[in-house]
Amino acid sequence: MNDIVNEKQISIDFYISKYFFPLFEKKNILISFAVITFSISFGVSLFINSEYESQATLIVEEPRSTITSNVDKEVGVKNAETNYVIAETEKLKGDTFAEEVLKLLPDELKEDLKINLKVSSQIIEGFKDIIKKILGEKAFKALKSFMGKKIDPQTEFMQNELLISEMKRRVNINSKASRAMVWISAVTLKKETAPILVKSYIDVWMAINIEENKKGIRNELEIAEKQRTDSNQQLLKAEDELIEFKKRYEIPADIKSIPDTSIQLEMERLQSKLNFAKDRFVFMDKIYLETRRKESGVIGNIRVINPPIIPMKPLINAGFTIVMTGCMIGIMFGIGIVLVLDFIKGTIRHENDIISTVNLQVIGQIPKI
């Protein structure tokens, strides 16, 4: 008899009878679970915000601290070295850089950053808002105090730290050092604010980059300014000495020659000293102005290839995913319950059930069709 069972081929009819018919008979259970889980997941999805991403592409050129000449423009600017690109990328990921970016962000974007992108956090905050609206602000605080949660007002420092932490999670910075290229992307809950966050990173980076390029020329400017100030003081001193000398001997300002030889020599010496001081001041003033011109002509070595734009569609539609996942879980749960109940009931749905039952040591009565 065992040979008969082993040789018996299990056809598609067996699976239809064993699994399809129970599900068809109990289709109301499946529909009920699907509707229940759909309703729950749809309600939960209302708390989930869509995410929008904007990205910018930049290229890092070789650093330069002087005005770009026409020759350089014809030849073309070289890309920065690998180590320089890596260092710049790591600087963008630092907390200090994020603090500078936070200062430029508008209030609307700061409010966006206060919302955590984690689905669980958004759901919890959504339920909290509903409870707060139902109970009121005072009752909600009393409930939190009763549950043992302290409500300490956050300081501005702590709020900024939380915003910086959330901003660093949302901003992704990648680079390819061999090609001197950097990609900055940011995710926000409003499509209008995504390019603003990326643009803020770019603006701060370019501003810092220009300041770093100006450091070398500023040392020259400080030296030139100091020497210009010294030469101006020497010029004023020489003028005062000559004026005082002429006052002492009552010599008119337009007189260049006098009969007294000793007085004439002293006056010529003072005049020569004045002329030398004047020439030196003119020379140092020219150097100072030239250095200032160089400083104003210093440009950054960060160039934007593709600027950030407003995304047209969301990056992730978490709400739709939650609804579909909830429906699938409900259907699978319903299928499991129907099949388990049918197995416990021991309903005979195919001739293989009879053959299997006969060939087993059955305790009790064999079911009848």
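Annotations for the structure displayed:
- Each of residue 169 and residue 285 was given a label point 7 Å from its Cα along the Cα-to-Cβ line. The distance between the two points is 6.1 nm.
- Convex hull volume of the range 219-295 per residue (C-alpha atoms, cubic angstrom): 75
- Size of charge dipole - the range 219-295 - debye, nearest 20, with Cβ of Lys, Arg +1 and Asp, Glu -1, no other charges: 140
- Summed residue charge, Cβ within 15 Å of residue 250's Cβ, Lys/Arg positive, Asp/Glu negative: -1
- By the beta-carbon count within 10 Å of each Cβ, the least crowded to most crowded order of 121, 50, fewest first, is 121, 50.
- Over the range 219-295, relative contact order from alpha-carbon pairs under 8 Å, at least 6 apart, %: 57
- Pair residue 38, residue 81: separation of 7 Å Cα→Cβ label points (nm): 6.5
- Taking 0.36 nm per residue of sequence separation and removing the Cα-Cα distance, the residue 316/residue 293 pair yields an extension gain of 3.3 nm.
Any read-out appearing in this document is the output of simple, stated calculations on the displayed coordinates, not a laboratory observation. Note that the structure is predicted; figures quoted are calculated from it, not measured. When we count neighbours, we look across all protein chains shown, and the Cβ atoms used for this are built from the backbone with ideal geometry, even at glycine.
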